[in-house]
Amino acid sequence: MAVTESDLTYLRRCVDLAREALLDGDEPFGSVLVSGDGVVLFEDRNRVKGGDETRHPEFAISQWAVANLSPEERAEATVYTSGEHCPMCAAGHGWVGLGRIVYAVSSAQLAAWLAEWGVPAGPVAALPIGVVVPGAVVEGPVPELAAEMQALHRGRFTSLT
Ligand code: ZN
């Protein structure tokens, strides 16, 4: 299944959530959970500025989904996200049995940008989702959104005046 116009609409909402996070002093990541029949169920953005580095939106989606959806509803849902899941979030996704993932920017793209900007690598390897969850159905990256996401990530390391 390729990325569709409606996928792009949800991804643009993820980019908006990422921008909201950045402007609030968090890292620019945003994610949206959409049901099998196209209803937005839950959305969140990065919330690590308080010091809890596990507060990623994709992990929040897994926790919300397991509390609120049946296994069948989880399998039919799609997770849209501005950046490919990190291994923690990919594992959460796999363990709770969520469905398709569509991301704007890959972990490899982000890692390359950070290296180019001289930002030290984080403590967790930037593994692709498919390595962590071999059965996951994953779409991305989406070239139309790369420049905008690169600018948001660049914004973490420059003043936002
Ligand atoms: Zn994560």
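No value in this document is a laboratory result; all are computed from the given coordinates. Note that this is a predicted model, so its numbers are computed, not measured. Every residue, glycine as well, gets a Cβ built from its backbone with ideal geometry; the counts of neighbours run over all protein chains shown.
Of the options 21, 113, 42, report the single residue whose Cα projects farthest towards the positive end of the charge dipole of the chain (beta-carbon charges: Lys, Arg +1; Asp, Glu -1). Of the listed residues, the answer is 113. Taking amide H as placed 1.01 Å from N in the peptide plane, residue 102 has its amide H under 5 Å from the amide H of 79, 80, 81, 139, each at least 5 places away in sequence or on another chain. Here the label points at residue 63 and residue 117, each 7 Å from Cα along the C-beta direction, are separated by 2.6 nm in the simple model. For the chain, the normalised intensity computed at q = 0.17 Å⁻¹ comes to -0.96 (log10 of I(q)/I(0), Debye sum over alpha carbons, equal scatterers, no solvent). Based on the alpha-carbon gyration tensor of the range 71-149 and its eigenvalue square roots a ≥ b ≥ c, which shape applies: rounded if a/c is under 1.5, prolate if not and a/b is larger than b/c, or oblate? Oblate, because a/c is 1.5 or more while a/b does not exceed b/c. Our helix-only sum for the chain, with -39,500 (n - 2.57) per DSSP H run of n ≥ 4 divided by its residues, gives a mean residue ellipticity at 222 nm of -13000 deg cm²/dmol. Which one, 83, 140, 98, is farthest towards the positive end of the dipole of the chain when Lys and Arg carry +1 and Asp and Glu -1 on their Cβ? It is 83.
Computed about its Cα centre, the charge dipole of the chain is approximately 360 debye, with only Lys, Arg, Asp and Glu carrying charge at their Cβ. Label point of residue 37 set 7 angstrom out along Cα-Cβ; within the range 1-29, no amide nitrogen lies under 14 Å from it.
Helix 146-155 and the longest principal axis of the C-alpha atoms of the chain enclose an angle of approximately 50°.
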